[in-house]
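Visitor: Before we start, here is the structure in question, set down as structure tokens.
The values are calculated or read from the model by the stated rules, or taken from the named source; none is laboratory data. Fair warning: this is a prediction, and the values are worked out from it, not measured in the lab. Every residue, glycine as well, gets a Cβ built from its backbone with ideal geometry; the counts of neighbours run over all protein chains shown.
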Amino acid sequence: MFKATIDADILKTAIETLSVLVDEARFRISPEGIVVRAVDPANVAMVSFDLNSSAFDEFNADDSEIGMDLSKINDIFSVAGRDEKVVMELDEMSQKMSLHLGGLSYTLALLDPSTIRAEPRIPQLELPAEVVLNGKDLQRAVKAAEKISDHMLLGIDEDVFYMEAEGDTDRVRLDMTRDSLIDLKSGEARSLFSLDYLSDIVKPASRSNEVTVELGKDFPVKIGFAIANGAGKVGYLLAPRIESD
Amino acid sequence: MGVDIGELLKRSTIEVSDLSLNVVAIDAFNTLYQFLSIIRQRDGTPLKDSQGNITSHLSGILYRMTNIVEAGVKPVFVFDGKPPEFKYSTIQKRTEVRENAKAKWAEAKEQGLAEEAYKYAQASARVDATIVEDSKKLLTAMGIPYVDAPSEGEAQAAYMVKKGDADRIASQDYDSLLFGSPKVVRNLTVSGKRKLPKKNIYVDVKPELIDLKENLDELGINQSQLIDIALCVGTDYNDGIEGVGPKTALKLVKEYGSIENILQEKGLEIENLEGIKEFFKSPPVTDDYSLKWNKPDSSAVISFLCGEHDFSEDRVTKALERLEASLGSDQSTLDKWF
């Protein structure tokens, strides 16, 4: 059994955190809320997504797992107005989800979860350095880097968090000192990342005033932030590129 | 070719994509032979350039390897080195069969018997030194590594799997199981539509996975007894016991426990028995290899295939684009961090 009501806007932004990496996802539903763990087809980035039942106006659920085509959901939300509520109800027999939104009633065929790539294991990583900053600053640096390169360095140099990109001829760098950051835990950190992935990830992150970035040396980066006004969280893990000599 | 124990073995059908991120050691001679025998025109003539050089293997390496690399497989070719001495009689026999087939092919072609011609043409396929050299050249240009085995390629490949450097062996033969490879994939390089011999029927050939341990458990034998069964049936190194097929061999090995007891009971002998058994158990192998997948050197591939061997530049370029997208990227994957 699953029946829930939530702000369309909250759900829309929550789904977007998944759809930047995958087209389909397995949603694990329980009385506590909804959990998704997904990895992109190339195994370069994964997302872990937790949306607590408290994010919903109404939430009634047993344990179940459903598969959904995220692009279909995005299509539905593209017609949603501001401050609208969406009511979702699962019909287990027919494996369909009905969505009621501003007078519109959708019936969405679900995907067989077993046909969707299995949940990834989550690597246990000890990342030595951590910064907390406004998502907008992160996005600004990524956007600037995209203009000149397809990859970008994230690193920490004592009390400075830097984001740097180098193209064939040009270079761009954003230095952020402790006072422009919300928090900084200094450590040895310098890793190179693909901007294809980074720009997808910072898009939903840019809506958050507080994004945590955990880094190491030639290690994956963890990027985490809250969703649904604090009633949920999203964490990305992105594998680095290997710096060629 | 190879030991004929296939009917004893259980296998599961898989998709190429199930091997994504697997390092697959490809039995090079076996695979090149498959390319040479399958990639042919209707009357059995292999693909050739304007100079008359055979190019079936090059076509196979470029297009089929691109397909499996695109599916996420990391292939490494393992080439045979010097065959063990007791293989020479097999090699001689194969040469005879091939020469014979070649003559019959010419005959059938003359008489306009297309089916016959195709059959004999396939049987006359031969992996010679030029084909090996050209294949290595193309693989290097494509960024796919290869290993030169000191002796049998399958033995080296099995060693690489046991050592953990490779995940699977791809071969049509079952010999790598005798060398102790835990997992063998068949049909990897020949998957797709394939024509049934002598019939005008096409079947969809899918890769299949053979798990050594599962099969040993299922058959109720150990690794050494599997080798004994092979010796009864006949391997590349011995003729086998007359009239004994795989099922009888299994029964005999279970009844008598070992090949030695069977031979004693039947008053028979296998030449070089000790040597052959030892060869399967600890064949010559090498640690002298490096597995690195590089970005394809497109201009080298194009000048070799299109410049020297008349391939269509358009098609080669398209394959290279697909290859480039999958190979030698400096993006690491999360698997590395588990």
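Visitor: When residues of the range A:102-150 are filtered for being within 13 Å of another protein chain (Cβ to nearest Cβ) and closer than 15 Å to residue A:211 by Cβ, how many remain?
Guide: Result for the range A:102-150: 1.
Visitor: Follow-up. One residue is enough: does the range A:127-136 have a residue meeting the conditions of a type in the set (A, V, I, L, M), touching a Gly at 6+ places or on another chain (Cβ under 9 Å) and at pLDDT below 90? Walk me through it before giving the result.
Guide: Kept after step one, since they are of a type in the set (A, V, I, L, M), are these residues of the range A:127-136: A:127, A:129, A:131-133.
With touching a Gly at 6+ places or on another chain (Cβ under 9 Å) added as a condition, the list becomes A:127, A:129.
Filter again for at pLDDT below 90, leaving none.
Scanning the range A:127-136, I find no residue that is of a type in the set (A, V, I, L, M), touching a Gly at 6+ places or on another chain (Cβ under 9 Å) and at pLDDT below 90, so the answer is no.
Visitor: Then there's this: Restricting attention to the range A:161-170, does a residue exist that is touching a Pro at 6+ places or on another chain (Cβ under 8 Å) and either crowded, with 17+ Cβ neighbours inside 10 Å or outside the structural domain of residue A:220 (by TED's automatic domain parsing) (or both)? Before you say what the answer is, go through the steps one by one.
Guide: Pass one, the range A:161-170, residues touching a Pro at 6+ places or on another chain (Cβ under 8 Å): none.
No.
Visitor: Go through the range B:193-217 and give me each residue that's surrounded by fewer than 10 Cβ atoms within 10 Å (Cβ to Cβ), of a type in the set (D, E, K, R) and modelled with pLDDT under 75. Can you show your working first?
Guide: Initial filter on the range B:193-217 (surrounded by fewer than 10 Cβ atoms within 10 Å (Cβ to Cβ)): B:193, B:196, B:199-201, B:204.
Pick out the ones that are also of a type in the set (D, E, K, R) and you get B:193, B:199, B:204.
Within the range B:193-217, B:193, B:199 qualify.
Visitor: From the list A:196, A:179, exactly one residue is free of Cβ contacts under 8 Å to residues at least 12 places away in the same chain and among the acidic types (Asp, Glu). Which is it? Outline the logic, then answer.
Guide: Working: A:196 fails: free of Cβ contacts under 8 Å to residues at least 12 places away in the same chain.
None of the other options fit; the residue is A:179.
Visitor: Please list, ordered by first then second residue, the pairs with beta carbon atoms under 9 Å, 6 or more apart or interchain, first in the range B:268-285 and crowded, with 17+ Cβ neighbours inside 10 Å, second part of a loop (DSSP other than H, G, I, E, B) and polar (S, T, N, Q).
Guide: Listed pairs, sorted by first residue: B:279/B:151; B:279/B:272; B:283/B:151; B:285/B:151.
Visitor: Moving on to the next point. I'm trying to understand the selection: among the residues of the range A:38-76, which are within 14 Å of chain B (Cβ to nearest Cβ) and either surrounded by fewer than 18 Cβ atoms within 10 Å (Cβ to Cβ) or of a type in the set (Gly, Ala, Ser) (or both)?
Guide: Here is the first cut: in the range A:38-76, the residues within 14 Å of chain B (Cβ to nearest Cβ) are A:38-48.
If the condition is that a residue be within 14 Å of chain B (Cβ to nearest Cβ) and either surrounded by fewer than 18 Cβ atoms within 10 Å (Cβ to Cβ) or of a type in the set (Gly, Ala, Ser) (or both), then A:38, A:41, A:42, A:45, A:48 are the ones that fit.
Visitor: Give the residue that is farthest from residue A:139 (Cα to Cα), with candidates limited to residues of the range A:224-241 that are more than 14 Å from every other protein chain (Cβ to nearest Cβ) and without any contact (Cβ under 8 Å) to a residue 60 or more places away in the chain. Quick ask: steps written out before the conclusion?
Guide: Applying the first criterion (more than 14 Å from every other protein chain (Cβ to nearest Cβ)) to the range A:224-241 yields A:224-234.
Applying the additional criterion that residues be without any contact (Cβ under 8 Å) to a residue 60 or more places away in the chain yields A:224, A:226, A:230.
Working: A:224: 14, A:226: 16, A:230: 21 Å.
Step by step, filter the range A:224-241, then rank; the result is A:230.
Visitor: For the range B:107-149, give me each residue that is closer than 17 Å to residue B:81 by Cβ and either of a type in the set (Asp, Glu) or assigned to a helix (DSSP H, G or I) (or both). Full working, then the answer.
Guide: So in the range B:107-149, the residues closer than 17 Å to residue B:81 by Cβ come out as B:127-129, B:131-133, B:135-136, B:139, B:145-149.
Hits for the range B:107-149 are B:128, B:129, B:131, B:132, B:133, B:135, B:136, B:139, B:148.
Visitor: Hey, which of the strands (runs of 3 or more DSSP E) in the range A:171-245, taking only ones fully inside, have at least 2 residues that are buried (at least 17 other Cβ atoms within 10 Å of the Cβ)?
Guide: Numbers: elements: A:171-177, A:183-185, A:189-194, A:211-215, A:221-227, A:232-238.
Of the strands (runs of 3 or more DSSP E) lying wholly inside the range A:171-245, those with at least 2 residues that are buried (at least 17 other Cβ atoms within 10 Å of the Cβ) span A:171-177, A:189-194, A:211-215, A:221-227, A:232-238.
Visitor: Taking the range B:112-131 as the region of interest, how many residues are surrounded by fewer than 18 Cβ atoms within 10 Å (Cβ to Cβ) and closer than 24 Å to residue B:298 by Cα?
Guide: 1
Visitor: Now a separate question. With the condition kept exactly as written, say whether any residue in the range A:125-141 is in a loop (DSSP other than H, G, I, E, B), free of Cβ contacts under 8 Å to residues at least 60 places away in the same chain and either surrounded by 15 or more Cβ atoms within 10 Å (Cβ to Cβ) or in contact with a helix residue (DSSP H, G or I) (Cβ under 9 Å, 6 or more places away or on another chain) (or both).
Guide: Among the residues of the range A:125-141, not one is in a loop (DSSP other than H, G, I, E, B), free of Cβ contacts under 8 Å to residues at least 60 places away in the same chain and either surrounded by 15 or more Cβ atoms within 10 Å (Cβ to Cβ) or in contact with a helix residue (DSSP H, G or I) (Cβ under 9 Å, 6 or more places away or on another chain) (or both), which makes the answer no.
Visitor: Let me ask you something else. Among the residues of the range A:151-189, write down those that are touching a Phe, Trp or Tyr at 6+ places or on another chain (Cβ under 7 Å) and small (Gly, Ala, Ser).
Guide: A:155
Visitor: Taking the range A:37-60 on its own, how many of its residues are in a strand (DSSP E or B) and closer than 14 Å to residue A:26 by Cα? Give the derivation first.
Guide: Step one: filter the range A:37-60 for residues in a strand (DSSP E or B), giving A:37-39, A:45-52, A:58-60.
Among the residues that remain, those that are also closer than 14 Å to residue A:26 by Cα are: A:37-39, A:46-51.
Here the count works out to 9.
Visitor: Pick out the one residue from B:249, B:230, B:155 that is surrounded by 19 or more Cβ atoms within 10 Å (Cβ to Cβ), small (Gly, Ala, Ser) and in contact with a Pro (Cβ under 8 Å, 6 or more places away or on another chain). Spell out how you get there, then give the answer.
Guide: Details: B:249 fails: in contact with a Pro (Cβ under 8 Å, 6 or more places away or on another chain); B:230 fails: in contact with a Pro (Cβ under 8 Å, 6 or more places away or on another chain).
After applying the criteria, what remains is B:155.
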